[in-house]
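This report concerns only the one structure given below.
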Amino acid sequence: QVQLEESGGGLVQPGGSLRLSCAASGSIISINTMGWYRQAPGKQRELVANIAGAGYTNYLDSVKGRFTISRDNAKNTVNLQMNSLKPEDTAVYYCKADGVRSPGQWSREVWGQGTLVTVSS
């Protein structure tokens, strides 16, 4: 069974930076798209950024120019470099993998447990 494990969350001051990492474990043949979502208290979960296997990226408008998503297909990892953080970036950040192919199995989507990012002075 494929699992995703996030790391790198924490408390940071406004204007600071954090780097989130997500590693997929298990017997994996391929993953289509990997990405990061976030959910703030009282709000719906939203896509922050995702990246296809070929490297095409997609970003939430409010994070463009501040966040950068990257991926290592060989290691099945995805990272999110977050710069110039704002209090409104405070949320639980979730890693997601779409189209996960394993021996004898295909999963439409797999979610991580989430990691909390708090931006506050």
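The values are calculated or read from the model by the stated rules, or taken from the named source; none is laboratory data. From a predicted model like this one, the values you see are computed outputs, not experimental measurements. Glycine gets a Cβ as well: all are built from the backbone with ideal geometry, and neighbour counts include every protein chain shown. Surface accessibility is based on the protein's heavy atoms, side chains included, excluding ligands, DNA and RNA. Shrake-Rupley method; radii C 1.70, N 1.55, O 1.52, S 1.80 Å.
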Task: For the chain, accessible area per residue (1.4 Å probe, heavy atoms of protein chains only), Å² - done: 54
Open item on the list: Mean-square fluctuation check for the chain, GNM, Cα pairs under 10 Å: which of Gly65, Gly104, Gly53 is largest?
Closed with: Gly104
- [ ] Report, in cubic angstrom per residue, the convex hull volume of the C-alpha atoms of segment 1-70.
- [x] 119
Open item on the list: Going by Cα centres, segment 7-58 and segment 67-121 are how many Å apart?
Closed with: 2
Open item on the list: How large a share of the accessible area of segment 58-118, in percent, is made up of carbon and sulfur atoms when the probe is 1.4 Å and the other protein chains stay in place?
Closed with: 46
TODO: Write down Rg/Rh for the chain, rounded to two decimals, with Rg from the C-alpha atoms and Rh from the Kirkwood relation over Cα pairs.
DONE: 0.98
- [ ] Using label points projected 7 Å from each Cα along Cα→Cβ, tell me how many nm separate Ile28 and Leu60, to one decimal.
- [x] 2.2
TODO: Count the DSSP beta bridges whose two residues both fall in the chain, then state the antiparallel fraction as a percent rounded to the nearest 5.
DONE: 95
- [ ] Work out from phi, with θ = phi - 60° and the Karplus expression 6.51 cos²θ - 1.76 cosθ + 1.60, the ³J(HN,Hα) of each residue of segment 6-18, listed in order in whole Hz, and give x for Gly and Pro.
- [x] 9, 8, x, x, x, 9, 9, 7, x, x, x, 10, 9
